[in-house]
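Chemist: If you scroll down you'll find the structure; I have some questions about it.
The values are calculated or read from the model by the stated rules, or taken from the named source; none is laboratory data. Being a predicted model, the structure only gives us computed values, none of them experimental. Quick reminder, even Gly has a Cβ in these numbers, built from the backbone with ideal geometry, and neighbours come from all protein chains shown.
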Amino acid sequence: MATATALRQPVVIQGGMGVAVSDWRLARAVSVTGQLGVVSGTALDVLLTRRLQSGDPGGHVRRALAAFPRPEVSRWILDSYFVEGGIGAEGRFAQVPRHTLSSSVRLQELTVAAGFAEVFLAKEGHDGLVGINFLRKIELPLPATLYGALLAGVDFVLVGAGSPADIPGMVRHLASHQPVTVSVKVMGARSTDNVGDLVFDPAVALPQRPATLPMPRVLAIVASTDLARGLAENPETRPDGFVVEGAAAGGHNAPPRGPRRVDEIGQPVYDERDVVDVADILSLGLPVWLAGGYGTPDKVAEALALGAAGVQVGTLFAYSDESGFDADVKAQMREKAVAGELQVRADWRVSPTGFPFRVADIPGTLTDVTVRAARKPVCDLGVLRSAYLKADGEVDYRCPAEPLAQYVRKGGREMNTEGRLCLCNALFASAGFPQRRPGGASEAPLVTSGTDLEPVVHLIGASDGPGYGAADAVAHLLSRIS
């Protein structure tokens with residue numbers, strides 16, 4: 001059986017931010033400094049096809065696909081999606097089939113190739129560490145994407161937004177090219193119905209089994225001591241370390257542990273029950289990185305003084321030159337942050353996952369009431385869909401951000417749709433890949449950010465240009481330690 005590869009231990013982990021905010025360019029820029037660069041594992045199949053349809057500037061995707069170990073898969077992907085010179089401003093991206101419990105062979109091949117390509121590009125030309133971040137809540141493409149990342153030699157696998165209990169075992173099996181089964185939650189089904197098993201066999205992508213792959217380290221992203229202890233005490237679920245994430249982080253956050261309460265602007269209220277006992281987690285004997293408000297040199301030093309291995313930082317890297325935000329969106333983010341006018345708030349309702357999600361209020365994005373009202377609901381990416389059991393015993397999928405009539409017809413409750421937004425399309429738009437709709441309108445972006453903007457403002461102010469690089473962020477974070 002494969003064993004975890006001996007790796008040097010980073011002090012700084014660059015947070016995994018999707019869609020495409022922490023893409024291969026950002027991860028690579030961090031990795032070459034000696035710290036851990038992390039690519040987002042979210043919707044990489046769709047991202048790869050949109051890069052190809054945008055003309056693949058620089059030829060990076062085509063170079064990665066040329067290195068994929070099954071050339072015939074690379075060929076059909078290029079034949080299906082590559083557009084020389086790109087589809088142009090008036091073009092519409094071809095859709096990728098949505099994942100199900102029984103995704104087609106070609107969709108599985110595409111997903112494996114996409115996971116491979118993102119990690120391959122992040123690792124290309126240097127010997128630094130590269131990780132991949134997954135939201136456990138997004139389960140259908142997870143094993144195929146993970147297998148592609150393993151084929152590319154990923155060094156770390158980070159998993160949050162749900163319990164990562166099955167990830168260490170999944171990594172062990174996939175590194176040995178063994179099939180894995182993911183138990184997907186199917187709403188309305190009983191355990192005896194046996195309808196929620198997703199089986200992924202690596203032979204779909206590589207019929208000939210190569211040698212056993214190096215084992216990456218698995219880091220569980222947790223927000224409670226109970227979860228960390230439960231994972232650590234079972235040899236089957238024990239990760240190689242923990243990232244302990246506080247409520248100040250961007251993206252999806254763990255909900256408060258106490259009664260559901262909101263403040264005057266609708267944010268979830270956290271209290272002492274949500275403060276993680278770091279010493280208790282350290283006592284489990286695994287490396288720990290602290291996240292959520294640790295983006296300053298003083299906080300890095302504080303984390304190390306507590307006995308942590310280091311910190312995970314997202315926001316400081318999200319505003320850097322190499323992050324995958326659309327250039328115009330990033331310029332607005334920076335301008336409003338420097339002016340002290342960027343409001344970032346946690347929203348209970350915006351994400352179809354049900355997890356609180358931090359959004360930045362920026363004109364022209366979906367936080368603008370006018371922009372939101374003008375959008376016609378559509379669910380054509382389906383990354384955040386949930387499985388449910390139909391009356392006839394078949395499994396189908398629904399999302400509270402899809403068209404209301406469609407959602408209700410599938411048994412969803414209308415009240416669950418209030419305030420929901422299509423994160424799938426909005427986050428692709430924020431990364432510069434908006435879908436164009438009939439009539440000419442394009443999907444509007446939605447920006448997520450952490451609340452710790454002081455170091456962002458500091459580095460912009462210290463720069464000769466409008467921003468700063470990922471290497472500047474790393475140097476700043478490490479500036480108070482020897």
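Chemist: Can you name the residue in region 325-383 that is of a type in the set (Lys, Arg) and not in a loop (DSSP other than H, G, I, E, B) and is also farthest from Leu44 (Cα to Cα) among such residues?
Modeler: By that ranking, first place goes to Lys336.
Chemist: Consider Gly258 carefully, then state whether it is small (Gly, Ala, Ser), surrounded by fewer than 22 Cβ atoms within 10 Å (Cβ to Cβ), outside any helix (DSSP H, G or I) and at pLDDT 75 or above.
Modeler: No, not satisfied.
Chemist: Just the residues that are under 30 Å from Ala360 (Cβ atoms), in a helix (DSSP H, G or I) and among the hydroxyl-bearing types (Ser, Thr, Tyr), please, taken from region 221-255.
Modeler: none
Chemist: Any residue at all in region 208-220 that is outside any strand (DSSP E or B), closer than 27 Å to Pro69 by Cα, free of Cβ contacts under 8 Å to residues at least 60 places away in the same chain and not small (Gly, Ala, Ser)?
Modeler: Among the residues of region 208-220, at least one is outside any strand (DSSP E or B), closer than 27 Å to Pro69 by Cα, free of Cβ contacts under 8 Å to residues at least 60 places away in the same chain and not small (Gly, Ala, Ser), which makes the answer yes.
Chemist: In the set Val171, Val130, Val182, which member is touching a strand residue (DSSP E or B) at 6+ places or on another chain (Cβ under 9 Å), at pLDDT 90 or above and surrounded by fewer than 20 Cβ atoms within 10 Å (Cβ to Cβ)?
Modeler: Residue meeting the stated conditions: Val182.
Chemist: Gln343: at pLDDT below 95 and either out of contact with any helix residue (DSSP H, G or I) (no Cβ under 6 Å at 6 or more places or on another chain) or surrounded by 15 or more Cβ atoms within 10 Å (Cβ to Cβ) (or both), yes or no?
Modeler: Yes.
Chemist: Still on this model: Would you pick out the residues in region 386-403 that are in contact with a helix residue (DSSP H, G or I) (Cβ under 9 Å, 6 or more places away or on another chain), surrounded by 14 or more Cβ atoms within 10 Å (Cβ to Cβ) and not in a strand (DSSP E or B)?
Modeler: Once the filter is applied, which keeps residues that are in contact with a helix residue (DSSP H, G or I) (Cβ under 9 Å, 6 or more places away or on another chain), surrounded by 14 or more Cβ atoms within 10 Å (Cβ to Cβ) and not in a strand (DSSP E or B), region 386-403 yields Cys399, Pro400, Ala401, Glu402.
Chemist: Kindly check whether there is at least one residue in region 265-272 that is part of a helix (DSSP H, G or I) and either modelled with pLDDT of 80 or more or of a type in the set (Asp, Glu) (or both).
Modeler: Yes.
Chemist: Could you list, ordered by first residue, the pairs with Cβ atoms under 6 Å in which the first is in region 296-308 and polar (S, T, N, Q) and the second is surrounded by 15 or more Cβ atoms within 10 Å (Cβ to Cβ), at least 6 apart or interchain?
Modeler: Thr296/Pro455
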